[in-house]
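The values are calculated or read from the model by the stated rules, or taken from the named source; none is laboratory data. From a predicted model like this one, the values you see are computed outputs, not experimental measurements. Neighbour counts are summed over all protein chains in view; Cβ atoms, including those assigned to glycine, are modelled from backbone coordinates with ideal geometry. In case anyone asks, the SASA skips ligands and DNA or RNA and just uses the protein heavy atoms, side chains included. Shrake-Rupley method; radii C 1.70, N 1.55, O 1.52, S 1.80 Å.
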Amino acid sequence: MRFVRVIAALVLGGCSVLASAQMGSGAGAPAAGAKMAPSKAVDDMLTLYEKELTGVVEAMPAEKFGFAPSATAFASGQGAKFEGVRSFAQQVAHLAQTNYFFFSAVSGAKPDADVKAIGSMTSKDDLLAALAKSFVYAHSAVATITPQNAFDEIKGADGMKTRVTVAGFAVAHGFDHYGQMVEYLRMNGVVPPGSK
């Protein structure tokens, strides 16, 4: 239960930060205390995640999509284990698949793709297309969140209980992998877009 409260606090806090950043101090900004629809607040977070992740995927050269960290990339004696570490391509595939997993729980709609087949993709073009399609699906799922159903309990998301907490966790989970993928870029001499 504590986990759900933490996720909800992160989601709501992130939404208010995004809303404040977008409102700025210019004319036409919503009045203080104005309410934002839950679908809009969550969609803003999803859009930021989509932009950042897509930039990292586009930045990695196609010939490096098979890269995965190995013991040879680190100083000897660290004792780190690298068996089963995902390649860059597998990271992208995983995130496209989890978009379908989490956001199908949010909307209840069946995914419009062969989610299992995404796991066997290896080419940059195929993975970028699958990722883009998964974000279209995710945005359509977020559009189903209303003030009335945002915090209703739902099933099918590994213990997370509401549409908003599942959507918030999906973004948090994605940014966890984004951080790993930024390291993959740097290990291949590529400056991440967010650092330019």
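Assorted remarks:
- Computed accessible area, Asp176, all protein chains, 1.4 angstrom probe, square angstrom: 90
- Amide H to amide H distances under 5 Å link Thr162 with Ile154, where only residues 5 or more positions off or on other chains count and H is placed in the peptide plane.
- Reduced Cα scattering model of the range 100-196, Debye log10 I(q)/I(0), q = 0.15 Å⁻¹: -0.71
- Mean Cβ count within 10 Å, highest first, over the residues of peptides 87-93, 34-40, 166-172, 128-134: 166-172, 87-93, 128-134, 34-40
- Counting Lys and Arg as +1 and Asp and Glu as -1 over every other residue whose Cβ lies under 11 Å from the Cβ of Ala138, the net charge comes to -1.
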